[in-house]
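Notes to accompany the following structure.
No value in this document is a laboratory result; all are computed from the given coordinates. Just so it is clear, the model here is predicted, and its values are computed rather than measured. Reconstructed Cβ throughout: ideal geometry from the backbone, glycine too, with neighbour counts over all protein chains shown.
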Amino acid sequence: METTGKKKLQIALYWGAACGGCDVAVLDTNEFILDVAAIADIRMWPIATDGKYKDIEAMEDGELDLVLFNGAVRNSENEHVAKLLRRKARVMVAFGSCAHIGGIPGLANQVTKEEIFDRAYLNNPSIEPGNRTVPLPESHVEAGALEIPTAYKRVYKLDDIVPIDYYVPGCPPLPAQIKGVLLAVATGQLPARGSVVGAGHRTVCDDCRRTRHERKIKKFYRPWQIIQDPETCLLEQGIVCAGSATRSGCGVRCPNSNMPCRGCYGPAPNVKDQGAKIVSAVASIIDSKDPAEIDRILEDVPDIMGYAYRFGLPASMLQRRI
Amino acid sequence: MMSNGFEPKIVGFLCNWCSYTGADLAGTSRIKYATNLRVIRTMCSARIDPTFILKALLEGADGVLICGCHPGDCHYVEGNYKAMRRYPLLKRLLDAYGIENERVQLEWVSASEGRRFAEVVDRMTEQIKALGPCKVRTALAFDMAER
């Protein structure tokens, strides 16, 4: 890899509310990661290297050339580190679906923090009655006061908290995308600020090889309920697919593997609300002119919120349950 | 009468061929009805993307009324059936968002139903007055001010 400057690139990778898959995706670049190590100092990467918050705090502002931040923001630590890294970073990238549009953790915006705590710590059948404790931001033990981050009332996408230079979509982003971003920063060939990089400019449907027949249907199926035809549009077979509202660039990996698109690349260009477009597409496939029958057919779509915003509830227009 | 003086803002998406003409008839017939509806004319009820409804709620509408031709009467033959199919799915989504049922309504109003149009607007206005203001905007502003 050729770089423009003599100085090694200073980069950091960080995770907020995330599963760790984005970090693993970076490792999926295989030997390329060694090229990265050759041209860059990885100053922080919690999953793979050492690096303490105090080391980041000690840096000059703008000292980091690139920060890849994966994960949404849902507690005080996520926010603190996001703001800290933003100050230190020349280029900050919202990396992966959670940072980009809220991701799977964003589905928590359907319920309140109290409901989540109740389910997770208090009234869960697998918790023993004597063991129902809720984590508190501060607790006192013999050695003194202990602190943990404060959970927020809802989940935020990263750019709700700090300004972001680029977005790399995907759950997780593909190795080729990751290489592309690193190369762009290394060579200084950066696209317009604020753009989505490493993805397409159309919908997943536009890239999908399956055939559409303008067929309508009387019944929806979950993917496991039907043996589907590998050549025909999944939606036309009654399987709810997010492809029509989702940004292209993934290589249509899910529909090519006989699974519907779940929408992890976020809204397609010029789509303001991914879920609203999915609602529109799903409803348009129904073969009925009778409101009662339409209602019955829709009984087979048990969780439209989950389908419409599997990865993007915090980035939707209404963002959360009111 | 409501004593709190709350006057809801209701956005009405009216199809050009039936409902907008129906609203026009209400006007030319000098029928009095609630002034809370802000009308947006669309060429067909099928044009009303669910995004429009979410955007209206986000920008401060307390209610959204969708009006189209009666089933079978669509100027474009099938347009209102598309609205008919979208509406129940959108309602399920709005329910998951915690938006009360009465805030978004679909009604078929023909060009000759000026009286009915006025009644629909009056009824919906009373329902939304009873519900109070839509909380979307204040809730999202609160989210950005306090975690």
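Here are the numbers for the structure shown:
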item: Proximal lysines to A:Lys83, defined as alpha-carbon separation beneath 28 angstrom and excluding residues fewer than eight positions away on the same chain; result: A:Lys7, A:Lys8, A:Lys52, A:Lys54, A:Lys113, A:Lys153, A:Lys157, A:Lys179, A:Lys272
item: Built amide H within the under 5 Å cut-off of A:Thr246, gap 5+; result: A:Val204, A:Cys205, A:Ala268
item: Nearest-20 debye value, the stretch A:59-113 charge dipole, Cβ charges on Lys, Arg, Asp, Glu; result: 220
item: For residues of A:305-313, the mean tally of beta carbons on other chains within 10 Å; result: 2
item: Signed unit charges on C-beta, dipole axis of the stretch A:43-119, positive-most listed residue A:Phe95, A:Ser76, A:Met44; result: A:Phe95
item: For peptides A:71-79, B:77-85, A:130-138, sequence by mean Cβ density within 10 Å, most packed first; result: A:71-79, B:77-85, A:130-138
item: Partner chain coverage, peptide A:146-152 - average Cβ within 10 angstrom; result: 1
item: Pairwise centroid distance, computed over Cα atoms, of the stretch A:144-168 with the stretch B:43-115, Å; result: 37
item: Selected from A:Asp295, A:Asp65, A:Asp160 as most flexible by GNM, with chain A as the system and alpha-carbon contacts under 10 Å; result: A:Asp295
item: Bridge type composition, the protein assembly as shown - antiparallel percent by DSSP, nearest 5; result: 20
item: Residues in the stretch A:164-181 that a label on A:Asn30 would reach, taking backbone N under 16 Å of a point 7 Å out along Cα→Cβ; result: A:174-180
item: Cβ neighbours within 10 Å from other chains - mean over B:38-49; result: 1
item: Unpaired by the 4.7 Å Cβ criterion, cysteines found in chain A; result: A:Cys19, A:Cys22, A:Cys98, A:Cys205, A:Cys208, A:Cys233, A:Cys241, A:Cys250, A:Cys254, A:Cys261
item: Mean separation of Cα contacts under 8 Å, 6 or more apart, over the residue count of the stretch B:1-109: relative contact order %; result: 33
item: Cα centroid separation, the stretch A:194-247 to the stretch A:84-114 (Å); result: 27
item: Built amide H within the under 5 Å cut-off of A:Asp41, gap 5+; result: A:Leu9, A:Gln10, A:Ile11
item: The stretch A:236-299, dipole about Cα centre (Lys/Arg Cβ +1, Asp/Glu Cβ -1), debye to the nearest 20; result: 460
item: Rg/Rh for the stretch A:51-133, where both radii come from Cα atoms and Rh is the Kirkwood radius; result: 1.14
item: Amide H within-cut-off set for A:Ile217, under 5 Å, with H built and near neighbours excluded; result: A:Ile286, A:Asp287
item: Using θ = phi - 60° and Karplus 6.51 cos²θ - 1.76 cosθ + 1.60, couplings along the stretch A:245-256 (whole Hz; Gly, Pro as x); result: 10, 10, 5, 7, x, 7, x, 6, 5, 5, x, 5
item: Average Cα contact separation per residue, the stretch A:88-214, under 8 Å, 6 or more apart, as relative contact order %; result: 32
item: Cβ-based exposure ranking for A:Ser97, B:Ser112, A:Ser248, in which fewest neighbours within 10 Å come first; result: B:Ser112, A:Ser248, A:Ser97
item: The stretch A:35-159 - percent relative contact order, Cα under 8 Å, separation 6 or more; result: 28
item: Debye log10 I(q)/I(0) at q = 0.10 Å⁻¹ for chain B, Cα point scatterers; result: -0.34
item: Cβ crowding within 10 Å averaged over residues, with A:13-22, A:45-54 ranked highest first; result: A:13-22, A:45-54
